[in-house]
Each structure stands twice: as structure tokens, then as C-alpha cells.
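The values are calculated or read from the model by the stated rules, or taken from the named source; none is laboratory data. Nothing here was measured: the structure is a model prediction, and the numbers come from that model. No Cβ is skipped: glycine too gets one built from the backbone with ideal geometry, and neighbour counts run over all protein chains shown.
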Amino acid sequence: MAADKSQLQHDLSELDASFIRVLEDVIDALVANGSLRLTDLPEQALAKLSQRKQTRRRLHDALDLIPDDDSIL
């Protein structure tokens, strides 16, 4: 029973992470089409969104092993 609960908690955590990414994409789309301004969000939500974006950007930069500079070739 404990293993089932542990697995369910793990599954829920993975779903939460995926859903958070969907919410970020929805927010980006609403901002892009002018339906939402970032300043419309509560301060805490804006701070968390900014922190996630910065962390994702740092991760992307850390994983970008091949530079985009075509002049190297």
C-alpha cells in the first residue's frame, strides 16, 4: 500500500511539473496577444514565473554545447 501511495505521489509530482509548464505557455501566449499584462499578475506569481524562466534559461545555456555561430564552420 505504501508503495502504491509513493508511486501516486511521484506520478502527481510529474503531472504537476508538466502542468506548470502548460500554465507558463498559456501565460506567454496571453501576454503575446495582449490579453494579459504581466503586471496583472499578483507580485508573488510574477516573482515565481520570473524565477522559473531564469532557471530554465540558465539550464538551456548550460546545455547549449554547440554555439549558434555559423561562422565557425
Scan the stretch 4-38 for residues that are of a type outside the set (D, E, K, R) and touching a residue at least 12 places away in the same chain (Cβ under 8 Å) and jot them down.
-> Ile20, Ile27
From the set of residues in the stretch 1-39 that are of a type in the set (D, E, K, R), assigned to a helix (DSSP H, G or I) and closer than 21 Å to Arg52 by Cβ, which is farthest from the chain's Cα centre (by Cα)?
-> Glu14
Quick one: Ala32 ticks every box in (1) modelled with pLDDT of 90 or more; (2) surrounded by 12 or more Cβ atoms within 10 Å (Cβ to Cβ) except a single one, so which number is it?
-> (2)
